[in-house]
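Any read-out appearing in this document is the output of simple, stated calculations on the displayed coordinates, not a laboratory observation. This is a predicted model, so every value here is computed, not measured. Every residue, glycine among them, receives a Cβ derived from its backbone with ideal geometry; neighbour counts consider all protein chains shown.
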Amino acid sequence: MEEFNKEKFKAVLHFIINECGHKQNFGRTVLYKLLYFSDFDFYEINENKMTGESYRKIENGPAPVHFQSNKNELINEGKIKEFEEVYPYYTQFKYDSLETPSLSLLSEKEIGVIKEVINRCSDMQAGEISNYSHEDVPYIVTGNKKIIDYDFVFYRHKKFSVREYEVK
């Protein structure tokens with residue numbers, strides 16, 4: 001079982017913020033789901049974990065367990081900023097990258113999977129990507145507030161599966 005790789009998680013977090021921070025829809029909910037799909041899609045394809053992050057099943061979809069502390073570290077390191085945009089019925093937590101992220105900890109395969117997730121999902125609104133994540137088997141079969149087991153990616157419906165499986 002791969003351990004949580006804090007520095008790699010921070011690199012993925014910074015990379016996604018750098019790529020998507022400029023988008024109007026990009027807030028914490030979208031960021032959580034991009035992290036989730038990046039980690040779980042990578043696992044489905046490669047059968048090993050990219051960051052080793054744990055994701056908890058919450059009402060709005062999967063949420064990374066170590067997000068807050070690692071986000072705060074990136075802020076304290078001067079790499080990203082977090083700010084709030086207040087709308088009539090909700091507040092959106094937004095993120096911007098303050099410097100180009102280092103990709104030295106990420107392989108080409110990892111970067112490729114993250115970019116594919118960004119291309120597929122980063123334009124979804126928060127409610128849309130939350131609903132989308134609720135249809136993924138790992139989320140469906142996990143109890144409320146429990147940690148989602150990566151191995152359930154091998155039971156995904158075709159809509160979510162990113163791996164080419166041999167047909168026998």
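Can you flag which of K6/K159; K33/K79; K145/K168; K10/K146; K81/K158; K10/K158 are past 28 Å Cα-Cα?
As for pairs spanning more than 28 Å Cα to Cα, those are K6/K159; K145/K168; K81/K158; K10/K158.
How big is the charge dipole of segment 6-155 about its Cα centre, in debye rounded to the nearest 20, if each Lys and Arg gets +1 on its Cβ and each Asp and Glu gets -1 on its Cβ?
It comes to approximately 320 debye.
In sequence order, what are the phi-derived ³J(HN,Hα) couplings for segment 134-139 according to the Karplus relation 6.51 cos²θ - 1.76 cosθ + 1.60 with θ = phi - 60°, rounded to whole Hz, with x for glycine and proline?
Computed from phi, the couplings for segment 134-139 are 5, 8, 7, 3, x, 6 Hz.
Which order do the peptides 94-102, 13-21, 54-62 take when ranked by the mean count of other beta-carbon atoms within 10 Å per residue, highest first?
Packing order, densest peptide first, comes out as 13-21, 54-62, 94-102.
Would you kindly derive the ³J(HN,Hα) couplings of segment 5-22 from the backbone phi angles with the Karplus curve 6.51 cos²θ - 1.76 cosθ + 1.60 (θ = phi - 60°), listing them in order in whole Hz, with x for Gly and Pro?
Listing the rounded values in order: 9, 4, 5, 5, 4, 4, 5, 5, 4, 5, 4, 5, 4, 4, 6, 10, x, 6 Hz.
Among P138, V117, Y87, which residue has its Cα positioned farthest towards the positive end of the charge dipole of segment 47-168, with +1 placed on the Cβ of Lys and Arg, -1 on the Cβ of Asp and Glu, and the dipole taken about the Cα centre?
After comparing all options, I get P138.
If you plug each phi of segment 32-38 into the Karplus form 6.51 cos²θ - 1.76 cosθ + 1.60 with θ = phi - 60°, what whole-Hz ³J(HN,Hα) values come out, in order, with x for Gly and Pro?
4, 6, 5, 5, 4, 5, 4
Could you calculate, for segment 6-155, the ratio of the Cα radius of gyration to the Kirkwood radius, expressed as Rg to Rh?
Computed over Cα atoms, the ratio is 0.94.
Please build a GNM for the chain, connecting alpha carbons under 10 Å apart, and tell me which residue among E84, E116, E44 fluctuates the most.
Highest fluctuation among the options: E84.
What residues qualify as long-range amide H neighbours of I80, i.e. H under 5 Å apart, gap of 5 or more or another chain, H built at 1.01 Å from N?
Amide H to amide H, under 5 Å and 5 or more residues apart or across chains, I80 pairs with I75, L98.
Sequence gap at least 6, Cα distance under 8 Å: using those rules, report the relative contact order of segment 6-155 to the nearest whole percent.
Result for segment 6-155 is 36 percent.
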